[in-house]
Amino acid sequence: MHEASPTRPEPPPGPPMTGRTVCGGGARSPLLAFLRTETGSAAVLLAATVAALVWANASPDTYEAWWHTRLSLAFGPAGVSLDLREWVNSGLMTLFFFVVGLEARREFDIGELRERRRLALSAIAGTSGMLVPVAVFLALNAGQDTARGWGTAMSTDTAFALGFLAVLGSRLPAGLRVFVLGVTVADDFLALAVIALAYSGSVYVPALLAAVGVLAVLLGLRAAGVRVSAVHLLPALALWAALLRSGVDPVVTGLVMGLLTSAHPARRHSLERVSRLFRNFREQPTPELERTLRRGLAASLPPNERLQRMVHPWTGYVIVPLFALANAGLPVSPSRLAHTLASPVTLGILIGYVAGKPIGVAGSTWLAARLSRGRLRPSIGWGAVATGGGLAGAGFTVALLIATLAFDGARLEEAKTGVLAAVVCSFLLSWLITRALALLPPPARARALLGGGETVVDLAEPVDPGRDHVRGPPSAPVTLVEYGDYECPYCGLAEPVVRALLAEFGDDVRYVWRHLPLTDVHPDAQLAAEAAEAAERQGRYWPMHDVLISHQGDLRPPDLLRHAEATGLDTDRFRRDLREGSGAERVAEDVESADLSGVSGTPTFFVNGRRHHGAYDIATLSAAVRAARERAVLAAPRPRR
């Protein structure tokens, strides 16, 4: 095992094997942060649902009286007066749909849905996953006035779906989370359109025209390049108030504002600017420079990610559970339960979610793959798609929201019973599917979970063995690319892990190092990278690489000459190449490829072209490599018999 030199600089304190040298930002991807918030909030949401049931049964009069309490906000002659439940459903839930819009925009700009075929497949699966349950509900309620509640049986709850996925275990492919998220994004879009068009009150045209005018102002601000910030707050509030007055559900405001918020990776030149601002503040800590630094830090992060980190925890841990507390209260007794379970409203919702959702999601995905001859094939296997269909049957938040708009009295209780029962049954169905998959032989289980579809490639510049620095067999099924900096302490921590990984997987992995010297924080990194390229000109790249990464505190010119001598290089030629900057162009090419791939910090890893987010300890990287190897084996053409 390669031992670290005592001269290696110590990394800043923090969780081990998750750090990254970058002028702002962390190692966790926005998508992973989103998923962790959703899955974590599922427990809080479940607790709030149980609390609502206990409250509604212990003191039903108090429960209803509390949520019917009137709250008014007045600004001179103008004002808004709603009861507490309406403030939650039409006010706070606007922030919920704001997060939905932010995540949708992020996926469209830089996420999985930037590949439009994947967007089309998510739209098909999400739409069919809503139409089939609606058809089931209408079939069971045909000719009755309860048919107006068809919208209750269509929308998946993201928190419960991803929370259940976390409970089902880590053996399911990571792509399943993305598949479920893509389906729920399309689902939420359509559900919001249904709320706005089918479940809004009578439309007051002057107020609707005012809302259109405010929307035009917001679009004008976006066209002028004004970032989403406090400047947009007043128009957003005006849009919400205008929609409320018009009769259209004002939660539409949240989705509109989210979709207007652009997403992009943190750009390296912005991060370098923050480094300069911080140095200026360090030299002259004045209030003016402190304000400039704060503005620079805020500007370095994409507004989408910044707002999502700010708002999403509040929606996941406060607003959605509060919504459940306000709407999930349902008096329960054996006689009442027996009556509601026989109701066509309850059965329509329950069967629509538990049977209709999986059929709609999985069936339409399979049909799209067949009709497109594989062009719209999902990136996961059909067993994972079936599991995703079962998870999509967990409808809660939007289902209850539409139920309160479509029903009241006994019918509303029946709808709530159906929604709550569907949540439980969808989890049981998904669990049964995963248990059935676990019983398959390992090769068949791998095919069922991983499939053979193509994955999105994040690495802009493909690996070229004739150009790149490659360690390992050229024909290895897995390629691990690292963008690194010889002075980066986190790269030093990652080096023994990479070596252990190569030893563990043998001929199945090849490793590629690409230079990304962060000169604004590591002044000796550029010269060290050029020294490695000077060694490459003498056919000794990897020996020099090993010395440089293990002596990160000794990278000044005299140190580099000493390393060259220890590595057995012609020191005169090495000195000449270093003085002439013969490796600078090669380093610049790596830096350019990093920029094209959205890399702004070191170390950054790619596994078979997919960016690896999060920790880079041996267990995490081994799991990523193992999954990539299984997928590569499945994608390889089978020999003819």
Among (1) closer than 24 Å to L82 by Cβ; (2) modelled with pLDDT of 85 or more, V248 falls short only on (2)
Of G258, G225, G254, the only residue that is surrounded by fewer than 14 Cβ atoms within 10 Å (Cβ to Cβ) and either assigned to a loop (DSSP other than H, G, I, E, B) or in contact with a Phe, Trp or Tyr (Cβ under 8 Å, 6 or more places away or on another chain) (or both) is G225
For the stretch 385-399, indicate whether the set of residues that are open to solvent by 50 Å² or more (accessible area, probe 1.4 Å) and in contact with a helix residue (DSSP H, G or I) (Cβ under 8 Å, 6 or more places away or on another chain) is non-empty. no
Which condition number does P496 fail, the rest of (1) without any contact (Cβ under 8 Å) to a residue 60 or more places away in the chain; (2) surrounded by fewer than 18 Cβ atoms within 10 Å (Cβ to Cβ) being met? (1)
Among the residues of the stretch 130-189 satisfying the criterion of being under 25 Å from P344 (Cα atoms), open to solvent by less than 30 Å² (accessible area, probe 1.4 Å) and part of a loop (DSSP other than H, G, I, E, B), which is modelled with the highest pLDDT? N141
Please state which one of T340, T315 is assigned to a helix (DSSP H, G or I), touching a residue at least 24 places away in the same chain (Cβ under 8 Å) and closer than 25 Å to F137 by Cα. T340
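Here's the yes/no breakdown for (1) on the phi > 0 side of the Ramachandran plot; (2) within 29 Å of the chain's Cα centre (by Cα); (3) among the charged types (D, E, K, R):
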{"site": "A48", "(1), (2), (3)": "no, yes, no"}
{"site": "V54", "(1), (2), (3)": "no, no, no"}
{"site": "A58", "(1), (2), (3)": "no, no, no"}
{"site": "W66", "(1), (2), (3)": "no, no, no"}
{"site": "R70", "(1), (2), (3)": "no, no, yes"}
{"site": "F75", "(1), (2), (3)": "no, no, no"}
{"site": "V80", "(1), (2), (3)": "no, no, no"}
{"site": "M93", "(1), (2), (3)": "no, yes, no"}
{"site": "F97", "(1), (2), (3)": "no, yes, no"}
Criterion first (over 30 Å from A410 (Cβ atoms) and either among the acidic types (D, E) or exposed (fewer than 15 other Cβ atoms within 10 Å of the Cβ) (or both)) does R309 satisfy it? no
Quick one: would you say L502 is more than 13 Å from H545 (Cα to Cα) and either open to solvent by 30 Å² or more (accessible area, probe 1.4 Å) or aromatic (F, W, Y) (or both)? yes
Leading residue by the ranking (farthest from I380 (Cα to Cα)) among those in the stretch 190-203 that are open to solvent by less than 40 Å² (accessible area, probe 1.4 Å), assigned to a helix (DSSP H, G or I) and touching a residue at least 60 places away in the same chain (Cβ under 8 Å): I195
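The values are calculated or read from the model by the stated rules, or taken from the named source; none is laboratory data. None of the values given here were measured: they were computed from a predicted structure. Please note: Cβ atoms are built from the backbone with ideal geometry, for glycine as well, and neighbour counts cover all protein chains shown. Just the protein is used for accessible areas: all its heavy atoms, side chains included, with ligands, DNA and RNA removed. Shrake-Rupley method; radii C 1.70, N 1.55, O 1.52, S 1.80 Å.
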